[in-house]
1. Under the definition of Cα pairs under 8 Å and six or more residues apart, what whole-number percent is the relative contact order of the stretch 202-360?
2. With all protein chains present, calculate the accessible area of Arg36 using a 1.4 Å probe and round the result to the nearest 10 Å².
3. With a cut-off of 8 Å between alpha carbons and a minimum separation of six or more residues, what is the relative contact order of the chain in percent?
4. Structure shown: which of Lys326/Lys382; Lys212/Lys382; Lys212/Lys271 lie over 23 Å apart, alpha-carbon to alpha-carbon?
5. Determine which residues of the stretch 384-411 fall in the zone a paramagnetic label at Glu194 would reach in this model, i.e. backbone nitrogen under 15 Å from the point 7 Å along Cα→Cβ.
6. Can you work out the FRET efficiency for the pair Thr93 and Lys247, with r the C-beta to C-beta distance and R0 = 41 Å, to the nearest 0.05?
7. Glu403 accessible area, nearest 10 Å², 1.4 Å probe?
8. Per residue of the stretch 237-243, in order, report the coupling 6.51 cos²θ - 1.76 cosθ + 1.60 (Karplus, θ = phi - 60°) as ³J(HN,Hα) in whole Hz, putting x for Gly and Pro.
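The values are calculated or read from the model by the stated rules, or taken from the named source; none is laboratory data. As the structure is a computational prediction, the values presented were derived from the model and not from experiment. Neighbour counts run over all protein chains shown; Cβ positions are idealised from the backbone, glycine included. Each accessible area value is taken on the protein alone, full model and side chains, heavy atoms only, with ligands, DNA and RNA left out. Shrake-Rupley method; radii C 1.70, N 1.55, O 1.52, S 1.80 Å.
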Amino acid sequence: MAKKTIADVDVSGKAVLIRVDFNVPLDGDKITDDLRIRMALPTIQSVLDRGGRVILMSHLGRPEGKGVEPEFSLKPAATRLSELLSRPIEFATDTVGSDAVSKVQALSNGGVLLLENVRFNAGEDEKKLKKATGQSSDPAYVNTLASFGDVYCNDAFGTCHRPENASMCSVPKAMTGKLKVMGFLVEKEVQYLEGAVSNPARPFVAILGGKKVSDKIGVIENLLPKCDQILIGGAMAYTFALAKGLKIGKSYAKAEDVPLAQKLLVEGAAKIVLPIDNNAFDNFVWDTYSADPSKTKVFPFGELPGNFEGLDIGPATTQRYVGIVKSAKTVIWNGPMGAFELPPFDAGTRAVAQAIADSSAISIIGGGDSAAAIEQMGFANKVTHLSTGGGASLELLEGSKFETLAILDDK
Ligand code: AMP
């Protein structure tokens, strides 16, 4: 059943406790990519425009849960949010301590308060808490957060696959008798990642890359019956090459995933498309790599000799994949086509990104590296949907249902 969204709530005069995912990449105190903050703006703005007040909670990174660690502070996110909303933002230096409590009480309608990183509290990660203390939740932490809002709103798509985070499940569950809804970002993510897949415009093409077959196995299995073709790139392709008994030189592959790859090649024989060539590097070492044309060579797929490591799809594969993207009506992309951090091995990823940007197909880009690549290349506004969740988008594409959404109110 469809879930209520923030649009279904009369928020006038109410305190809306919004779980956002402001887990943004930082370089010192500089935010290097503010996509997740920008994507949360429609929900925040909608509450403010309708006379409500907003209390935001989020995590950032993986602090230990033992108090403040300055490098994981959400202060830079508060500064950025204030710039984006063109209004001052209140920031609490704790999550459920005296600063948070007094700032929640003082907040008036039209105001925004961001609480400090929820993961500074041992009560946030309930899996860790259980391991350390045997307690399945921290009632003082949960109930204090729950008391901050008249309405709970989940707009933290990037964390939706993590029900063990108290702010995602235990807190809304503790808000008995209060409305619990999703925000516009979560609504949009679910609409695209579930909707486009269940009823796609055809041809429907999935492009999967990155490192591990085992990470994407669920996605391949779920998409196989639904899509028309699955293009494989990135290091993942070499596990498939091994499964076919081909030569991969020193390329990254997971021997333990070979049986899985063999099974998929049988099930998906008509749909799985493997590379036909690869760009490789002689004696590759990640930490000391520097581009060197004399050590870089293209080989047919599965014919990589001795010390060569395949690091990108080759030009013939790139041309083939670009052609398939051009004729597609729906494209889903998750995972780079090569080690795109190391030119010239970014070429395949760039070409695929460009083809998706140029196409009029419905395009859905999974979070993580492929979303970062699309952003870096300046194509963010040329795709239909750029997901803010890496793990969460993969899980939705696998067909998983999220408890963090199931607990929200039905329409
Ligand atoms: P994933 O997190 O599984 O999407 O993997 C992304 C990572 O895979 C990126 O850091 C890429 O550099 C890396 N990657 C992609 N293709 C290759 C390759 N052929 N060899 C080594 N690393 C690769």
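1. Working: 324 pairs, mean separation 46.8, N = 159.
Across the stretch 202-360, relative contact order equals 29 percent.
2. The accessible area comes out at roughly 50 Å².
3. 16 percent
4. Going by Cα-Cα distance, Lys212/Lys382 fall outside the 23 Å limit.
5. 392-411
6. That pair, Thr93 with Lys247, gives E of 0.10.
7. 90 Å²
8. Per residue, the Karplus-derived 3J(HN,Hα) values read 4, 6, 5, 5, 4, 4, 4 Hz.
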